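The values are calculated or read from the model by the stated rules, or taken from the named source; none is laboratory data. Values in this document were obtained by computation on a predicted structure and should not be read as measured data. Methodologically, a virtual Cβ is constructed for each residue, glycine included, from the backbone with ideal geometry; neighbour enumeration extends over all protein chains shown. Protein only, heavy atoms only, side chains kept; ligands, DNA and RNA dropped before computing areas. Shrake-Rupley method; radii C 1.70, N 1.55, O 1.52, S 1.80 Å.
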Amino acid sequence: TIHHNLLNREHFRSFLFEDYHYSTVRFSTRPYKFLSFHLYSRFGKFIYRDTIPKIGKGHNWDMLIKLQLSTKAELSFSYTKAYLEDLVSRDAYYDGYIWRAMGKYQFNSKIFLRAIVDYDAFSDTLNIYPLFSYKTGPYTTFFAGVTNTYTDYGQQFGSINVNRQYFIKMQYLIK
């Protein structure tokens, strides 16, 4: 699908932005039962959401490949690229990308495991997010996970875990 946004009006931090235009292109296909491919792109003018926001010109790309390995296992790989520049000077407000791999495995109707690994070029970090969930009943699920962020400090120190958080969560649906 192709879409062009002709009229856009948005308030952000007490600033009113009007008549900035962008186009969107989406493409999805599933050539095989186990494989799907998705492409999403936006290009045109966008709000640079800083302390003093401005309109800039740029593009965003998202590509995703999903592999359904079995009824219980899925792998996906994605790439996201974003670029925005000043309209006058053409200096970049930001320019970066994120590579992501995600694996999911549903052991049975109660136990689920997911792992996400991504590299964020905006912050030059590697992130690892494992998540375990256990459903005790139709309305209650327990989650346990870890967030890990690694930064590469070069040959002298190598990659160091600069942030790690453990969490547990209980989710209960109140009817």
Worksheet item: At a probe radius of 1.4 Å, what is the per-residue accessible area of residue 10, in Å² to the nearest 10?
Response: 50 Å²
Discussion item. Cβ neighbours within 10 Å, averaged per peptide: list 155-167, 59-71 in order, most packed at the top.
Written reply: 59-71, 155-167
Practice prompt. Mind pulling the per residue volume of the convex hull built on the Cα atoms of region 1-117? Å³ is fine.
Written response: 151 Å³
Worksheet item: Of all accessible surface on the chain at a 1.4 Å probe, what whole percent is carbon and sulfur?
Response: 59 percent
Worksheet item: For the chain, what is the relative contact order in percent, using Cα pairs closer than 8 Å and at least 6 residues apart in sequence?
Response: 10 percent
Discussion item. Over the chain, how many pairs of lysines fall under 22 Å by alpha carbon, counting only those 8 or more apart in sequence or from different chains?
Written reply: 20
Worksheet item: What whole-number value in Å² describes the accessible area per residue of region 58-98 for a 1.4 Å probe?
Response: 60 Å²
